Every structure is written in C-alpha cells, then in structure tokens.
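The values are calculated or read from the model by the stated rules, or taken from the named source; none is laboratory data. Fair warning: this is a prediction, and the values are worked out from it, not measured in the lab. Backbone-built Cβ (ideal geometry, glycine too); neighbour counts: all protein chains shown.
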Amino acid sequence: MSKASAYAALDSNTPLKPFQFERREPGAHDVQIDILFCGVCHSDLHTARNEWNNTQYPSVPGHEIVGRVTAVGSEVKNFKVGELAGVGCMVDSCQSCGSCAEGFEQYCENGFTGTYNGPAFGGENTLGGYSDHIVVDQKFVLRISHKDNLAAVAPLLCAGITTYSPLRQWNVKPGQKVGVVGLGGLGHMAVKIANAMGAHVVLFTTSPGKKEDALRLGAKEVVISRNQDEMDAHLNSFDFILNTVAAQHDLDPFMALLKRDATMTLVGAPSEPHPGLNVFGLIFKRRRLAGSLIGGIAETQEMLDFCAKHNIVSDVEMIDIKNINEAYERMLKSDVKYRFVIDMATLKVA
C-alpha cells in the first residue's frame with residue numbers, strides 16, 4: 001500500500017479538509033498516475049454534500065484527472081512510465097454484461113464503479129482525484145494526445161464526454177441545426193464540440209450577457225429563452241437539441257422547437273423533477289425526449305482524440321486545492337467561466 005494525500009469531505013455538513021489514506025500498489029494490470037490536474041464537477045459538490053443521498057464517507061471527489069504515469073503492472077502494454085494519461089468518471093465495470101460487451105460501460109447492468117463513491121449499486125468506497133496519485137486498471141485509463149494546456153484538458157474527462165456522447169449518438173452532421181440549452185460547464189463544451197462537428201449551433205440562455213461569449217465559443221446564433229418572439233422564430237426548425245441545464249425548468253418551449261422526428265436530449269440532473277410535458281407536442285410531431293449519461297471508455301478516447309485534432313479544451317480557472325470550498329460556493333452561483341481545475345501541485349503545500 002502507498003500513502004496518498006488528498007482533500008476529503010468527512011460528512012455532509014463540514015468543508016473539505018486535508019486527508020490521508022492508502023492506495024493499493026499497482027497489480028499486474030494496473031497503471032499508477034501522479035495527478036497533475038483535476039477538474040471540479042458539479043457532481044463533486046452533490047456527492048460531498050450528500051445531495052443525492054448515496055455518499056460514502058470519507059469522500060474524496062474528482063473524476064476529471066490528467067496526470068503522468070509513474071508505474072505500470074507487468075501485463076500493461078499500452079502505457080509506459082513518463083507518459084501522460086487520464087482517468088474519467090469510471091474505474092471499473094463488470095466487463096461481462098451486454099452493455100460492457102458493446103463498449104457501453106457507463107450503462108453496466110451490474111453497476112459501473114465510479115472513480116469516487118464506489119460502485120453504482122453499492123459496494124466498497126472509491127476515492128477520487130482530489131489526491132496526489134491514483135491506481136487504475138489499464139482498461140479504464142485514457143491516452144492524452146494534447147501537447148499543452150493540460151489543465152484545460154482535464155474537464156474533457158467528464159464535461160467533454162457528457163456532451164460529445166449524445167452528439168455522436170444522435171448523429172449530428174455538418175449543416176444540421178443544433179441547439180444547446182445553457183452555457184455553463186457542460187454547455188460551453190457542447191457549443192465547441194457541435195461547432196467542430198460542422199453544425200449550425202444556436203445557444204439558448206436566460207442571460208443576455210452570455211451572448212458575446214457564446215459567439216466566441218462557436219455558436220452562430222444566441223436566443224434569449226425568456227423572449228417569446230425569439231423563441232417563436234425557431235419553431236419546428238431544430239434537428240437536435242442538447243439540454244445541459246441541471247436546474248428544474250419547463251421543457252415544453254424547447255420541445256416545440258424540434259422538427260418532426262427530432263430529439264432533445266437531457267444531460268443535466270436537477271435535484272427536483274422537471275414539470276410535466278405537453279404530450280400532444282410529442283405525439284403530433286413524433287418528437288423524442290431522451291437522456292444521456294457519460295460515454296464508454298472507447299468513446300471517451302474517441303472524444304479526447306477528436307478534441308486534440310480540433311484543438312478543443314475547456315475554458316478553465318485554475319485554483320489551489322485549499323480554495324476548493326470557496327470554489328464550490330462560487331460554482332453554485334455560476335461564478336466561473338466555465339470550469340474550475342485544481343493544480344494538484346498545491347496539495348504539497350496545502
């Protein structure tokens with residue numbers, strides 16, 4: 001076992017604080033990674049504060065990890081000491097169910113194992129990326145081909161794949177009209193990726209002040225969703241809408257913007273259910289409302305390679321680990337453009 005330094009939530013009511021624990025030594029199929037950068041996801045906050053009522057304490061959040069390989073097991077073929085590597089939202093799955101066999105480990109029928117907070121259906125706790133190193137089975141380690149700005153690569157491991165996967169699943173093509181609802185940590189990645197796929201991207205926001213940023217990121221149009229005239233101008237016109245908003249809101253105005261047979265996919269997870277849908281709006285246009293989680297390992301690697309090819313990274317604000325609790329409060333106020341990333345070198349002096 002090796003001693004790891006970290007920041008952890010010890011219960012739901014107190015701030016994260018320095019914490020030490022033991023990691024396993026690398027086994028034959030394991031890769032050990034010294035963590036350089038770890039993105040801060042809203043899921044980290046939900047888990048640290050037990051807002052989904054499933055947190056195992058102590059909780060060391062963090063599943064947007066970029067680091068350098070420091071040791072590999074005897075059976076590891078694809079990673080070498082000194083190389084860059086990434087770890088996303090999963091560190092294991094059953095590897096035997098139909099979903100795993102098809103490369104959809106995120107939908108593992110026996111419950112994938114999260115990088116933190118253990119298996120989806122309960123089991124031994126796992127401790128994540130707000131730590132100095134991590135040991136992961138090689139099947140769940142990802143190659144990083146970006147050459148620089150590695151801190152801004154870290155959020156691709158969650159925010160990037162969460163938005164890339166539905167854009168790929170619903171086969172977004174050049175020239176299609178694609179809507180993105182919300183310009184936050186997820187939404188800004190959706191705009192960048194959909195634009196790189198060749199789509200005509202329209203950003204929906206309640207904040208007029210975000211228009212300039214949305215256009216800079218790749219949107220061709222910005223619609224203020226509280227302006228009925230602006231919304232009505234787009235009725236029945238979208239091939240696909242990706243809704244990234246994690247707060248409860250009325251979905252009907254966005255469903256009305258879809259063409260016949262088009263889909264709106266939700267990737268935000270609100271703490272309260274959305275209001276009921278107008279069923280007739282679905283029936284009479286054969287519209288579809290769908291959901292999407294993250295992506296499997298192969299698709300996550302595909303996303304990383306796509307983003308490297310198109311020079312896509314997240315817009316980030318770097319923080320010291322000692323400022324994580326302040327970052328959580330700012331995140332609740334949407335006071336970040338658009339993703340916090342922890343410089344894990346600061347853990348040594350925290």
TODO: Return yes when residue 96 is touching a helix residue (DSSP H, G or I) at 6+ places or on another chain (Cβ under 8 Å) and small (Gly, Ala, Ser) and no when it is not.
DONE: no
Task: Counted residues, segment 60-111 - those being assigned to a loop (DSSP other than H, G, I, E, B) and aliphatic (A, V, I, L, M) - done: 3
TODO: Determine whether residue 51 is surrounded by fewer than 15 Cβ atoms within 10 Å (Cβ to Cβ), within 19 Å of the chain's Cα centre (by Cα) and either farther than 22 Å from residue 343 by Cα or of a type outside the set (Gly, Ala, Ser) (or both).
DONE: yes
- [ ] Quick one: residue 303 ticks every box in (1) touching a Phe, Trp or Tyr at 6+ places or on another chain (Cβ under 6 Å); (2) part of a strand (DSSP E or B); (3) not β-branched (Val, Ile, Thr) except a single one, so which number is it?
- [x] (2)
Task: Residues of segment 10-55 satisfying the condition of being out of contact with any Pro (no Cβ under 7 Å at 6 or more places or on another chain) and either aliphatic (A, V, I, L, M) or on the phi > 0 side of the Ramachandran plot (or both) - done: 16, 28, 31, 33, 35, 36, 40, 45, 50, 53
- [ ] Quick one: which strands (runs of 3 or more DSSP E) lie wholly within segment 167-228 and hold at least 2 residues that are surrounded by 24 or more Cβ atoms within 10 Å (Cβ to Cβ)?
- [x] 177-181, 200-205
TODO: Being within 14 Å of residue 66 (Cβ to Cβ) and under 18 Å from the mean Cα position of the chain (by Cα) is the filter; apply it to segment 109-145 and report the residue that is surrounded by the most Cβ atoms within 10 Å (Cβ to Cβ).
DONE: 129
Open item on the list: I'd like to verify a number: residues in segment 27-44 that are outside any loop (DSSP other than H, G, I, E, B), at pLDDT 95 or above and within 16 Å of residue 331 (Cβ to Cβ), how many?
Closed with: 3
TODO: Filter segment 231-258 down to residues that are touching a strand residue (DSSP E or B) at 6+ places or on another chain (Cβ under 9 Å) and among the polar types (S, T, N, Q) and give me whichever is nearest to residue 276 (Cα to Cα).
DONE: 243
TODO: Mind telling me which of the residues 337, 309, 322 ends up being assigned by TED's automatic domain parsing to the domain that holds residue 49 and within 21 Å of residue 189 (Cβ to Cβ)?
DONE: 337
TODO: Assess whether residue 103 counts as being more than 14 Å from the chain's Cα centre (by Cα), over 30 Å from residue 250 (Cα atoms) and either surrounded by fewer than 20 Cβ atoms within 10 Å (Cβ to Cβ) or of a type in the set (Gly, Ala, Ser) (or both).
DONE: yes
